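Novice: I'd like to ask some things about the structure below.
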Amino acid sequence: MSSNQVNRPNMKLEVVVFTVSDVDRTKAFYENLGWRLDIDIAAGGYRNVHVTPPNSDASIIFGKGVTPNNSGSAQNLVLAVDDLDAARKDLSDRGVDVSEIFHYAGGPFNNAVENPRVSGRDPEGRSYFSFASFEDPDGNLWLLQEITTRLPGRLWDSPQADVATLANLLHETAERHDYYEKTHGEHNWWDWYAPYLSARQNGSSPEEAAVTADRYMEDILPVLSK
């Protein structure tokens, strides 16, 4: 992967959209998995539910009127995990019917061979080669793929902001925080600054970053007040 990423546009896989038959049932399923509920909005015959797996940069959307009527279930939605046993146990503890660990006879995702799934971990213990699977109530199929070591070149370089850019971003953060400070109780300014700056540096708009910082404060204030 080239180290010169400064002039390239960001192009991140952000969302996968799929069809469900019962929105409330599916929403409850994913909330039970501990996935974050980002959005649940409805208007007329339209509903958009947006949830995000723990520590994931990509999310899923489902609802009413968000996919064509003839859409089928999604297959092989992949969740990268660093400990397959722990991930399976967490799902099982939440009442999810998760498969036993398996590997593919012809290599990851090779369904071109007869009986592609082989019971047990990859015999060589390789990163990327061991899996488990589960389905949501509509048959949307998720794969847990154990990744313990990333292949070379699979991590993007993050260009560092220059001093002038960082100064402008800090000034913007202070201005955005000013409104929050005037409308909320006593708090540590740095607790708001950190999620705002992080969100902006990861591509969020100022409005989106402010929402992220506000949500973070809502989550930590009860903890800090104990």
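Novice: Using helices alone, I'd like the mean residue ellipticity at 222 nm for the chain: each DSSP H run of four-plus residues gives -39500 (n - 2.57), total over residue count, nearest 500.
Specialist: Estimated from H runs of four or more residues: -10500 deg cm²/dmol.
Novice: At 24 Å minimum axial length over the Cα atoms and a Kyte-Doolittle cut of -0.5, report the qualifying DSSP H helices in the chain, or say none.
Specialist: Qualifying helices: 206-224.
Novice: If I model a spin label at ASP97 and LEU166 as a point 7 Å from the Cα along the Cα→Cβ vector, what separation in nanometres do I get?
Specialist: Taking the simple label geometry, ASP97 and LEU166 are separated by 5.3 nm.
Novice: On to the next question. Going by amide H atoms built from the backbone, whose H comes under 5 Å of the H on VAL78, apart from near neighbours?
Specialist: Residues meeting the criterion, in which the H sits 1.01 Å from N, are LEU143.
Novice: Starting from 0.36 nm per residue, how many nanometres of slack lie between ILE41 and ALA28 once their C-alpha separation is accounted for?
Specialist: 3.1 nm
Novice: Follow-up question, since we're still on this one. ALA42: net charge of surrounding residues, Cβ under 12 Å, Lys/Arg +1, Asp/Glu -1, itself excluded?
Specialist: Surrounding charge for ALA42 is +1.
Novice: What would the Debye equation give as log₁₀ I(q)/I(0) for segment 1-112 at q = 0.17, 0.19, 0.22 Å⁻¹, counting only Cα atoms as equal point scatterers?
Specialist: Here the Debye-derived log intensity ratios amount to -1.03, -1.16, -1.31.
Novice: Per the Cauchy relation, a quarter of the hull surface: what is the mean projected area of the convex hull of the alpha carbons in segment 82-197, in nm²?
Specialist: Seen from a random direction, the Cα hull of segment 82-197 projects 12.9 nm² on average.
Novice: Between ALA80 and ALA194, 0.36 nm times their residue separation minus their Cα-Cα distance comes to what?
Specialist: Answer, rounded to one decimal: 38.4 nm.
Novice: Largest first and in whole Å, what are the equivalent-ellipsoid semi-axes of the chain based on the Cα gyration tensor, each being the root of 5 times an eigenvalue?
Specialist: 36, 24, 18
Novice: What distance in nm separates the simple spin-label points at LEU13 and GLN201, each placed 7 Å from Cα in the Cβ direction?
Specialist: For the pair LEU13/GLN201, the computed spacing is 2.5 nm.
Novice: Additional query: Could you give the C-alpha radius of gyration of segment 19-63 expressed as a fraction of 2.2 N^0.38 Å, taking N as the number of residues it contains?
Specialist: Relative to the rule-of-thumb radius for its length, segment 19-63 sits at 1.10.
Novice: Another question, then. From the square roots a ≥ b ≥ c of the eigenvalues of the alpha-carbon gyration tensor of segment 64-120, which class results: rounded (a/c under 1.5), prolate (a/b over b/c), or oblate?
Specialist: Oblate, because a/c is 1.5 or more while a/b does not exceed b/c.
Novice: State the answer as a single residue: which of SER130, VAL81, THR52 lies farthest towards the positive end of the charge dipole of segment 46-136, with beta carbon charges of +1 for Lys and Arg and -1 for Asp and Glu, about the Cα centre.
Specialist: Checked the options; the winner is THR52.
Novice: Show me the ranking of peptides 162-169, 22-29 by mean Cβ neighbours inside 10 Å, starting with the highest.
Specialist: 22-29, 162-169
Every number in this text was worked out from the coordinates using simple rules, so none of it is lab data. Owing to the predicted nature of the structure, the values given are computational and were not obtained by experimental measurement. Positions of Cβ are backbone-derived with ideal geometry, glycine not excepted, and every protein chain shown enters the neighbour counts.
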